[in-house]
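Peer 1: Quick one: structure below, then a few questions.
The values are calculated or read from the model by the stated rules, or taken from the named source; none is laboratory data. The model shown is predicted, which means the values in this text are computed figures rather than measured ones. A quick note on method: Cβ atoms are made from the backbone with ideal geometry, for glycine too, and the neighbour counts reach across all protein chains shown. In case anyone asks, the SASA skips ligands and DNA or RNA and just uses the protein heavy atoms, side chains included. Shrake-Rupley method; radii C 1.70, N 1.55, O 1.52, S 1.80 Å.
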Amino acid sequence: MGKSILRRLAALALCAALTGGTALAASTVYRTITVQYSGIKLVVDGVEVTPRDANGTTVEPFIYNGTTYLPVRAVGNAIGKQVTWDGGSQTVYLGEAPGSRTWLLDVCPPYETRALETDAASFKMDGNTYTHGFYSTWTGYALFNLNGQYNTLSCDIGHREGYANYDRQVEIYLDGDLSQVIEIPAEAMVEHFEIPLHSALQLKIETDAYIGFANCELS
């Protein structure tokens with residue numbers, strides 16, 4: 001470490017939250033610490049990345065008490081994850097932040113179903129685990145009350161793992177009228193769909209057996 005440059009890093013904020021009832025109080029402590037800058041490199045999947053902040057300024061990683069610290073925004077950008085700072089709760093979100101996406105089952109759970117499993121935390125298609133969706137256990141349907149609030153349903157649709165041996169079909173109805181037919185050939189891989197909703201009041205999904213609907217998001 002002969003070439004290491006020792007610098008003084010002042011005003012490193014360490015935030016502690018005290019919760020009482022429904023009130024949230026936060027106190028900020030300022031400390032002066034000695035950290036070690038030694039030209040630390042950040043390499044992601046074999047590619048060297050120059051860490052930068054939100055303004056594009058280079059931010060150098062450092063070592064403190066034997067632990068290497070990396071700028072979280074730079075790391076998030078390098079691995080393709082959104083970085084969100086919530087000042088109210090003093091929380092950094094790497095990836096999806098709560099409330100950032102409108103999941104179908106969270107805001108419009110089906111009010112009537114037949115042969116659909118909507119309570120599963122996850123299920124598999126093509127060897128991958130999927131969430132935020134549902135799947136059919138046999139030929140069935142689901143009815144959703146959209147209240148005319150949404151224009152698009154985005155979702156990944158495919159054969160449930162172990163049941164890809166037949167051609168299958170999904171029908172989309174808006175306010176009682178057939179709007180779209182999705183064909184799912186035997187052994188087809190999972191495919192992403194953007195399904196227009198046209199601000200419909202009611203959505204009905206009719207599906208053949210063993211079909212999965214994942215990452216079902218409204219916009």
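Peer 1: Identify the residue in the stretch 89-115 that is open to solvent by less than 60 Å² (accessible area, probe 1.4 Å), part of a loop (DSSP other than H, G, I, E, B) and over 22 Å from Leu203 (Cβ atoms) and, among all such residues, is modelled with the highest pLDDT.
Peer 2: Out of the qualifying residues, it is Ser89.
Peer 1: Might you let me know whether the stretch 78-86 holds any residue that is in a strand (DSSP E or B), more than 23 Å from the chain's Cα centre (by Cα) and surrounded by 15 or more Cβ atoms within 10 Å (Cβ to Cβ)? Break it down stepwise before answering.
Peer 2: The initial filter retains those residues of the stretch 78-86 that are in a strand (DSSP E or B), namely 83-86.
From what's left, more than 23 Å from the chain's Cα centre (by Cα): none.
No.
Peer 1: How about the stretch 10-59: which of its residues are open to solvent by 70 Å² or more (accessible area, probe 1.4 Å), closer than 21 Å to Val92 by Cα, of a type outside the set (S, T, N, Q) and at pLDDT 85 or above?
Peer 2: Once the filter is applied, which keeps residues that are open to solvent by 70 Å² or more (accessible area, probe 1.4 Å), closer than 21 Å to Val92 by Cα, of a type outside the set (S, T, N, Q) and at pLDDT 85 or above, the stretch 10-59 yields Tyr30, Arg31.
Peer 1: Another question, then. For Thr131, which of the numbered conditions (1) of a type in the set (Ser, Thr, Tyr); (2) surrounded by 15 or more Cβ atoms within 10 Å (Cβ to Cβ); (3) closer than 30 Å to Arg73 by Cα; (4) in contact (Cβ under 8 Å) with a residue 12 or more places away in the chain fails to hold?
Peer 2: Of the numbered conditions (1) of a type in the set (Ser, Thr, Tyr); (2) surrounded by 15 or more Cβ atoms within 10 Å (Cβ to Cβ); (3) closer than 30 Å to Arg73 by Cα; (4) in contact (Cβ under 8 Å) with a residue 12 or more places away in the chain, the odd one out for Thr131 is (2).
Peer 1: Being part of a loop (DSSP other than H, G, I, E, B), touching a strand residue (DSSP E or B) at 6+ places or on another chain (Cβ under 9 Å) and small (Gly, Ala, Ser) is the filter; apply it to the stretch 134-164 and report the residue that is most open to solvent (accessible area, probe 1.4 Å).
Peer 2: Gly162
Peer 1: Residue check, Glu194 against (1) in a strand (DSSP E or B); (2) buried (at least 16 other Cβ atoms within 10 Å of the Cβ), all met but one. Which one?
Peer 2: Every listed condition holds for Glu194 apart from (2).
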